[in-house]
């Protein structure tokens, strides 16, 4: 099953507007039900995680910025584990690995795209593995996950 998009068969187009609409909604319902089942079973990875993008500005200007209004508490957390703005690539690589190693725990759709929540441990430069939550977004019509944010988990992830 392709986790990244909807699969419509050729029989989805029928004569009459209502039958087409019913079939489209049925396919959407089945796709969403399938995604929910995969998440509940812990079987869904971030779609196209091998192409995911973590922009430098998200790391240096936000997650590791001691002066960013919303990011400074996250900077305190991540720097305690040995991450630094000077070596921002280490955190970017760790976040990409986190997305590849752990299952999606929640999916939220919007008119703009789909938000994916990934929870689990992440390797750190100091040898520890903090439990974090990372958020990724795939815009409607796109396939590349964009990193949004990360923060510490209050409980230990699976």
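So between residue 77 and residue 126, what do we pick up on full extension, going 0.36 nm a residue minus the alpha carbon distance? Can you show the working numbers first?
Numbers: separation 49, 0.36 × 49 = 17.64 nm, distance 1.29 nm.
Answer, rounded to one decimal: 16.4 nm.
Rank these for me by crowding, 90, 50, going from fewest to most other beta carbons within 10 Å.
Numbers: 90 17, 50 11.
Placing the least packed residue first, the sequence is 50, 90.
Can you tell me the relative contact order of segment 45-152? Whole percent, Cα pairs under 8 Å, sequence separation 6 or more.
RCO, segment 45-152: 28 percent.
Rounded to whole Å, give me the distance from the Cα center of segment 65-87 to that of segment 113-158.
Result: 16 Å between the Cα centres.
Each value in this text was obtained by applying a stated rule to the coordinates, not by laboratory testing. Here the structure is a predicted model, which is why all the values come from computation and not from measurement. Every residue, glycine among them, receives a Cβ derived from its backbone with ideal geometry; neighbour counts consider all protein chains shown.
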